[in-house]
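Worksheet: the structure to be examined is printed underneath.
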Amino acid sequence: MSYLGGPMMSEYQDWETPQTFVNWIEEKFDVWFDWDVCASNDNAKTLKWYTKEDNALNLDWDGVCWMNPPYNNQKEWVNKAINEIKQRNARQVWALLPARTDTRLFHDIIIPNAKAIYFIKGRISFRRGKIANGSTHPSMLV
């Protein structure tokens, strides 16, 4: 895999979360996702979703939202999720993010605004088309 922007940044931003992982979250936390706000037509995890072309950053969200945002602009997505909750558009937003606990994003934005942070044991194997690739970092559910 080639990298851009440093050793931890993939040139691709459309890695798919495994459906089994999303199913596990729904079962473990007794939650049902209404919207996938960072999806494609091929990898949506819910019955309703926004694609890159829809640009969910410019739309209102509602219900319980699933979000595995592109990691090259996580801050923008995390701030959007916080605003959607504060504006009472979305009831909940569940975000799958890299567990980078040494960053300003984590300390200045995530910690003060998260209802909970769950650190994932092991590494998630994301997919891009038919290619599966183990994550280069630990993950957290916020």
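The values are calculated or read from the model by the stated rules, or taken from the named source; none is laboratory data. What you see is a predicted model; the values in this text were computed from it and never measured. Cβ atoms come from the backbone with ideal geometry, glycine included; neighbour counts cover every protein chain shown. Surface accessibility is based on the protein's heavy atoms, side chains included, excluding ligands, DNA and RNA. Shrake-Rupley method; radii C 1.70, N 1.55, O 1.52, S 1.80 Å.
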Where a residue in segment 62-83 is in contact (Cβ under 8 Å) with a residue 60 or more places away in the chain and its partner, wherever it lies, is open to solvent by 10 Å² or more (accessible area, probe 1.4 Å) and part of a loop (DSSP other than H, G, I, E, B), with Cβ under 6 Å and at least six apart:
Asn72/Gln13
When the residues of segment 1-48 are narrowed to those that are of a type in the set (Phe, Trp, Tyr) and at pLDDT 95 or above, which ends up surrounded by the fewest Cβ atoms within 10 Å (Cβ to Cβ)?
Trp32
What strands (runs of 3 or more DSSP E) completely inside segment 51-133 contain at least 3 residues that are open to solvent by 40 Å² or more (accessible area, probe 1.4 Å)?
90-98, 125-128
